[in-house]
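Take a look at the following structure, please.
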Amino acid sequence: MIRKTRIKRTWLAAAVIASGSLLATALPANAETGVSASEIKLGITLPLTGAASPGYSKIGNAMDAYFKYVNDNGGVYGRKVTLIQKNDEYSPQLSIAKTNELILRDKVFALVGPLGTANFTAVHKSVGLAKRKVPALFLNTGFSGFSNKKSYPSSFMILPSYAMEAKIIAQFLKENHAGKKLGIVYQNDEFGIDGLGAFKAAGTKFDVSIPYTSGTQSAATAQTWVSQLAAGGAQVVVFFGVTSATAPLLAVAAAAKYAPQWILGSVGSDPLTLRALGVPVAVLNGAQTPAGNPSPNDTSDEYVKQFQEINTKYNAGTAFDDYVLQGMNIGLMTVQALRAAGKNLTRKRLVRAMETKGSTFASVAYSPLGFSRTSNVGHTGYYMAVMDANGDRKPFGGSVTLYTTDSGSGPVVKSTFKRPAMPAKGLPSNS
Amino acid sequence: MRTFKFKRSLTLVAVSSLLSITVVSIPTAAQATPVCTTASGVTTCLGATSDTAPYMLMTPANFNGTVYLYSHGYRPNVPVPAGIPGYGGYTVTNTPEPAPGGNAQIIGTLLAKGYAVMGSGFARQGWNADSAIKTNVELIGVFKKQYPKTTKVVAWGNSLGGFITQALAEQYPDLISAAAPLCMASDLTPLMTMAGDALWGIKTFFDPTIKGGGYSAGAAGYAEAMGDLVKVFTVIGAMQAAIAANPTAPAWPATSKVPDALKAVPSRSALVLIALMSGVPMQSAHFDSTSAPAGLPASSALSFQLAINPALAALENLANAAALAVLATHDVEQQAGGAIFDNTATDYSARVSAEQFIWSSALSGNAGVGALLGYLAAVPRVKGNPAAIAKMATLTTHTGKVEVPTILFTGTADPVTTPGNQQAVIDKYAAYSAEKWAAAKKAGDRKRPANNQLALWNFPPEKYSKFTAAGSPDTTVAAATGTNHCNFTVSQYLAIADLLAYAADNGKNMSGGALYTKIRKAGNMTYDRGYSAPKLKYYGE
């Protein structure tokens with residue numbers, strides 16, 4: 001884990017110094033880990049293989065594609081952005097080891113988009129990100145616990161919290177499914193509990209409540225869920241879990257001809273991934289879901305259009321879906337954060353830039369960003385959408401009605417927030 | 001999830017590491033004056049200090065003035081009858097150990113470099129820090145008298161010997177030039193809290209007839225402790241068999257008396273909870289908490305990675321922790337005069353709150369951990385003997401106030417002296433350094449006091465679990481580096497020895513490129529000032 005390069009030849013050392021001084025006219029000398037005159041190294045841990053990888057495995061490549069696009073267009077103040085992806089197989093213990101590799105061996109400047117609630121909890125605790133002052137930007141998890149700025153001073157969320165999501169679904173249930181028997185299947189850890197607590201606070205009472213333990217999802221376990229839901233007469237079923245659990249649930253329900261109104265949580269509702277996992281498109285038709293971003297098929301959206309173009313050129317052969325859209329967007333936001341931190345890039349300046357300027361960043365998501373000196377909350381809202389016969393996602397009611405809220409006891413409100421425009425050609429020019 | 005078979009009992013594999021006693025040579029008699037013989041240029045002296053502790057001195061003809069004083073680790077103070085799994089046949093011994101495990105290669109290498117080595121067997125086994133420190137001080141005098149050209153004494157020791165070594169460095173900086181506490185134990189109260197929590201958890205979930213402490217005096221107490229060892233290893237064996245038969249939902253042992261409702265939670269999750277609440281690492285000799293057998297369907301593989309492998313890691317490590325708990329509790333209770341474990345005020349929910357989400361699958365989700373913690377909250381707790389607990393606290397403790405260079409090294413998955421033991425001394429030294437720096441600034445001195453503590457870690461590989469072609473865990477392979485108790489290589493020991501010699505010669509620890517090169521060549525030694533090991537649960541997070 002420890003590497004120390006010694007330059008033995010004085011002429012080589014002299015050459016390095018000389019070239020460094022030349023570059024200094026364009027870029028300030030920079031002694032920060034992971035930053036050189038020509039490069040910024042970033043790292044991400046995520047499941048690239050295994051049961052949890054469908055969908056998630058695309059995020060890193062999408063980020064990388066966006067960074068390559070930026071690099072081909074001058075980089076970030078002349079520095080190219082390099083992303084190192086590490087496969088943690090969704091195992092928290094492996095996330096720790098891989099993050100240690102990123103920080104100690106690869107010497108990345110920052111983590112971007114690390115995925116998984118248990119995984120990031122383990123990493124933050126065991127690797128000691130706060131002690132090392134390593135920034136972790138745009139966590140791919142909505143666990144509201146990560147919004148504790150005191151405990152996670154150098155970490156920043158991007159997704160609305162699971163609590164926010166549950167509050168917005170609860171509001172939707174009141175407005176659109178009042179009087180119906182409700183069921184819920186949820187991942188029985190901080191992910192599902194975060195949501196469940198918010199449902200309870202919002203007064204939502206489920207007639208059938210089924211927890212499942214992460215890692216146990218399969219067709220066999222889905223069979224028991226469906227049996228319980230059907231036996232309980234659930235007419236509307238909220239699913240608060242990951243895609244690898246959504247797929248067997250919907251497939252088993254379809255086979256059993258059990259067809260409640262599905263409300264699929266944002267985490268496990270990507271249509272393309274579900275179809276790839278064997279869920280018939282007909283089953284998805286009519287499923288409702290909270291969504292933060294536009295449909296990845298909505299080419300009328302300037303962000304989607306630009307990202308699709310980048311994907312075609314820099315991520316060839318990869319179907320453009322919610323995960324790719326999310327990855328590209330994290331790339332876009334990361335570049336804005338790096339630019340906002342200035343040419344003399346340090347970890348401290350990056351954190352400060354997130355706190356002072358992060359709320360103004362352009363992002364594909366419709367809701368406001370909550371970053372400030374006292375908040376590391378990312379996006380703060382959702383709109384409700386419905387899937388059509390093609391597996392595409394359309395705004396419920398025909399147009400986007402954005403709801404925003406917080407992770408606590410604040411109200412759910414309809415928002416008129418207008419997101420910032422996509423930077424010209426998808427290339428940020430902020431400072 | 002398919003079933004599997006173990007080739008070997010986990011208890012045999014795990015616990016054997018606790019008793020790594022190597023007999024080098026047995027002194028013929030306790031001697032006030034050492035009896036020396038010389039062969040092949042090495043003079044070996046045997047004798048006994050005034051407390052009757054036998055010692056051994058080994059000095060080369062080209063003695064360079066520096067002697068290594070080694071303190072051996074914990075040896076039970078009672079014999080363990082044959083037939084007890086993993087431990088049977090141990091007899092109490094005070095054979096002197098002049099180097100780790102009496103390893104001939106380590107001794108030979110040091111002697112060849114002109115260094116002398118020495119070590120005592122100590123007069124009493126069990127937790128003997130207070131008396132062992134005195135023994136070592138006397139032994140240093142014996143050596144210097146025998147070899148007046150002695151210029152430096154460097155101390156090193158494993159486990160309990162690491163505790164003794166740190167204490168020597170703190171209390172006798174005039175006698176010690178540098179010290180290396182290895183896989184060290186920290187203060188007795190936190191250590192016994194960890195052991196007691198592990199044992200109480202096993203008792204509570206799996207076999208309430210385990211006494212677990214409060215042992216009677218004399219032969220009756222000895223019989224109770226040996227009986228507990230048998231019961232603990234019976235539970236470990238039963239759990240191993242249950243997981244092998246049904247990895248997803250292993251049966252609860254027949255000895256368990258938990259309510260039927262709780263048995264809806266897989267018994268393997270109770271193992272994980274016990275490990276987490278006591279602070280036992282979640283990586284063990286053969287289980288990395290990340291791997292799955294090849295060929296499993298993806299969903300089963302993930303389940304094995306997140307739930308089954310961690311349970312096996314907990315099981316393997318708990319075999320070590322519980323063995324220590326029984327033997328050391330029996331020992332320390334005798335010294336303190338009563339029951340030393342008291343969990344009447346322990347909040348086990350708080351103990352695991354920071355980790356339960358990380359190990360959510362292994363704990364069977366929030367419902368599983370909630371049910372298990374609910375049971376622990378409802379069952380009667382153990383009330384210790386206040387006078388005995390107070391007496392235990394009067395035994396030697398570390399202050400962290402050390403002026404001579406010290407080198408710390410431990411495995412981050414050591415199940416007996418967990419890395420939190422080393423971290424405790426690091427934290428104490430950091431507090432002491434801060435105190436000194438504040439005083440210096442107050443006195444107008446702007447020079448920050450030197451950092452004389454070098455902390456090294458042995459991390460296990462990210463993946464090391466092995467499986468047979470049939471997909472069963474293979475526990476016949478050697479324990480992974482960084483796991484098990486004091487599981488160091490000769491190369492690592494010799495690197496520590498070199499670092500000690502450097503520190504003694506220079507009055508400060510090696511640093512920079514020389515340090516990196518040294519530890520890189522030894523292998524699996526990491527210097528990372530950004531790393532903090534999980535604290536012992538006694539201290540909280």
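Taken together, the values in this text are just the output of simple stated rules run on the coordinates, not laboratory data. In this text the structure is predicted, and so the values were computed from the model without any measurement. Note: ideal-geometry Cβ built from the backbone for every residue, glycine included; neighbour counts use all protein chains shown.
What is the distance in Å between the Cα centroid of region B:418-440 and that of region A:335-367?
Region B:418-440 and region A:335-367 have Cα centres spaced 36 Å from each other.
How fast does region B:414-510 diffuse by Stokes-Einstein, in µm²/s, taking the Kirkwood radius from C-alpha pairs at 10 °C and 1.306 mPa s?
Details: Rh = 17.0 Å.
Estimated via Stokes-Einstein, D reaches 94 µm²/s.
Which order results if B:Arg529, B:Arg446, B:Arg124 are arranged by neighbouring Cβ count within 10 Å, fewest first?
Values: B:Arg529 11, B:Arg446 6, B:Arg124 19.
Placing the least packed residue first, the sequence is B:Arg446, B:Arg529, B:Arg124.
Please report Rg (one decimal) and Dmax (integer) in Å for the Cα set of chain B.
23.4, 72
Right, something else. So how tilted is helix A:190-201 from the main axis of chain A? Cα-based, degrees 0 to 90, rounded to 10.
50
Quick one: among A:Glu309, A:Glu39, A:Glu175, which has the greatest mean-square fluctuation in a GNM of chain A with alpha-carbon springs under 10 angstrom?
Residue with maximal mean-square fluctuation among A:Glu309, A:Glu39, A:Glu175: A:Glu175.
Counting only C-alpha contacts under 8 Å and six or more residues apart, can you give the relative contact order of region A:122-257 as a whole percent?
Details: 187 pairs, mean separation 29.7, N = 136.
Contact order relative to length: 22 percent.
For region A:102-142 and region A:391-414, what is the separation of their C-alpha centers, rounded to whole Å?
30
Kirkwood Rh over alpha-carbon pairs of region B:189-391, then Stokes-Einstein at 20 °C and 1.002 mPa s: what D in µm² s⁻¹, rounded to an integer?
Working: Rh = 17.1 Å.
Result for D is 125 µm²/s.
Please determine, in degrees from 0 to 90 and to the nearest 10, the orientation of helix A:219-231 with respect to the longest principal axis defined by the Cα atoms of chain A, where the helix direction is its Cα long axis.
40
Given points 7 Å out from each Cα along the Cα-Cβ axis, report the B:Thr33 to A:Asn344 separation in nanometres with one decimal.
7.4
Let me know the Kirkwood hydrodynamic radius for region A:280-350, please, with Cα pairs as the basis and the value in Å to one decimal.
Working: mean 1/r = 0.0698 Å⁻¹.
Kirkwood radius, region A:280-350: 14.3 Å.
How high is the relative contact order of chain A? Use alpha-carbon pairs under 8 Å, at least six apart in sequence, and give a whole percent. Could the numbers behind the result be given before it?
Numbers: 875 pairs, mean separation 70.4, N = 431.
Answer for chain A is 16 percent.
Looking only at region A:412-431, which residues have a backbone nitrogen under 13 Å from a spot 7 Å from the Cα of A:Lys313 in the C-beta direction?
The answer is A:425-427.
What are the semi-axes of the equivalent ellipsoid for region B:103-144, taken as the square roots of 5 times the Cα gyration tensor eigenvalues, largest first, in whole Å?
Working: eigenvalues 116, 37, 7 Å².
So the three semi-axes of region B:103-144 are 24, 14, 6 Å.
Taking the Cα-to-Cβ direction at B:Thr468 and at A:Ala424 and moving 7 Å from each Cα, how far apart do the two end points lie in nm?
For B:Thr468 paired with A:Ala424, the spin-label model returns 6.9 nm.
Further question on the same structure: Quick one, what does Rg over Rh come out to for region B:58-189 if you take C-alpha atoms and the Kirkwood Rh?
Details: Rg = 15.2 Å, Rh = 15.2 Å.
Using only Cα positions, Rg/Rh for region B:58-189 is 1.00.
Restricting things to Cα coordinates, could you compute the convex hull volume per residue of the protein assembly as shown in Å³? The partial results should precede the final answer.
Details: hull volume 179.6 nm³, N = 972.
For the protein assembly as shown, the hull spanned by Cα atoms encloses 185 Å³ per residue.
Please list, by residue number, everything in region A:222-256 whose backbone N is under 17 Å from a paramagnetic label point 7 Å out along Cα→Cβ of A:Lys180.
Within reach of a label on A:Lys180, which here means backbone N under 17 Å from a point 7 Å along Cα→Cβ, region A:222-256 contributes A:229-240, A:250, A:253-254.
What is region A:243-353's relative contact order, in percent, from Cα pairs under 8 angstrom and six or more apart in sequence? Display every interim value, and only then the final one.
Working: 84 pairs, mean separation 21.9, N = 111.
Once normalised by length, the contact order is 20 percent.
If you consider only alpha-carbon coordinates, what radius of gyration and Dmax does chain A have, in Å?
My reading of the Cα-based Rg and Dmax gives 22.0, 80 Å.
Now for a separate question. Placing unit charges on C-beta atoms (Lys and Arg positive, Asp and Glu negative, everything else neutral), compute the dipole magnitude of region B:189-391 about its Cα centre in debye, rounded to 20.
280
Right, here's the next one. Of A:Thr243, A:Thr273, A:Thr356, which is the most mobile in a GNM of chain A whose springs link Cα atoms less than 10 angstrom apart?
Checking each option, the largest mean-square fluctuation is seen for A:Thr356.
How do B:Trp437, B:Trp252, B:Trp200 rank when sorted from fewest to most other Cβ atoms within 10 Å of their own Cβ?
B:Trp437, B:Trp252, B:Trp200
Tell me the angle of helix A:302-314 to the major Cα principal axis of chain A, expressed in degrees between 0 and 90 and rounded to the nearest ten.
60
Turning to a different aspect of this structure: As a check on your grasp of the helix formula, calculate [θ] at 222 nm for chain A: sum -39500 (n - 2.57) over DSSP H runs of n ≥ 4, divide by the residue count, round to the nearest 500. Don't jump to the answer; show the numbers that get you there.
Details: 14 runs with 157 residues, N = 431.
Here the helix-only value at 222 nm equals -11000 deg cm²/dmol.
What base-10 log of the normalised intensity I(q)/I(0) is obtained for region B:172-220 from the Debye formula, alpha carbons as equal point scatterers, at q = 0.20, 0.22, 0.27 Å⁻¹?
Taking Cα atoms of region B:172-220 as identical point scatterers yields -0.82, -0.90, -1.04.
Just to confirm my numbers, what's the Cα centroid distance between region A:208-255 and region B:288-347 in Å?
33
If you don't mind, another one. Can you check what the Kirkwood hydrodynamic radius comes to for region A:103-221, Cα pairs only, in Å to one decimal? All intermediate terms of the calculation are to be shown ahead of the outcome.
Values: mean 1/r = 0.0625 Å⁻¹.
It is 16.0 Å.
How much mean residue ellipticity at 222 nm does chain B get from its helices, if each DSSP H run of length 4 or more adds -39500 (n - 2.57) and you divide by all residues, to the nearest 500 deg cm²/dmol?
-13000 deg cm²/dmol
Filter the DSSP H helices in chain B by two things, a Kyte-Doolittle mean of at least -1.0 and an axial alpha-carbon span of 15 angstrom or more, and list the hits by number.
Working: long enough: B:129-146 (25 Å, 0.00); B:160-171 (16 Å, 0.54); B:188-206 (26 Å, 0.85); B:218-245 (41 Å, 1.08); B:267-278 (17 Å, 1.56); B:309-336 (39 Å, 0.43); B:365-378 (20 Å, 1.17); B:419-442 (34 Å, -0.75); B:490-506 (24 Å, 0.69); B:512-522 (16 Å, -0.29).
Span-like helices in chain B: B:129-146, B:160-171, B:188-206, B:218-245, B:267-278, B:309-336, B:365-378, B:419-442, B:490-506, B:512-522.
Give me the distance in nm between label points sitting 7 Å out from Cα along the Cα-to-Cβ direction at B:Leu395 and B:Arg381, one decimal.
2.3
Here is the link list: B:Lys257/B:Lys466; B:Lys5/B:Lys537; A:Lys68/A:Lys131; B:Lys466/B:Lys537; B:Lys447/B:Lys508; A:Lys348/B:Lys518. Which ones come out longer than 25 Å on Cα distance? It would help to have the intermediate numbers written out before the result.
On the way: B:Lys257/B:Lys466 34 Å; B:Lys5/B:Lys537 34 Å; A:Lys68/A:Lys131 31 Å; B:Lys466/B:Lys537 30 Å; B:Lys447/B:Lys508 16 Å; A:Lys348/B:Lys518 33 Å.
Beyond 25 Å: B:Lys257/B:Lys466; B:Lys5/B:Lys537; A:Lys68/A:Lys131; B:Lys466/B:Lys537; A:Lys348/B:Lys518.
To continue, here is another question. Which of rounded, prolate, oblate describes region A:165-256, given a ≥ b ≥ c as roots of the alpha-carbon gyration tensor eigenvalues and a/c under 1.5 marking rounded, otherwise prolate only if a/b is larger than b/c? Please list the in-between numbers first.
Values: a/c = 2.09, a/b = 1.31, b/c = 1.59.
Oblate shape, in that a/c is at least 1.5 and b/c is the bigger or equal ratio.
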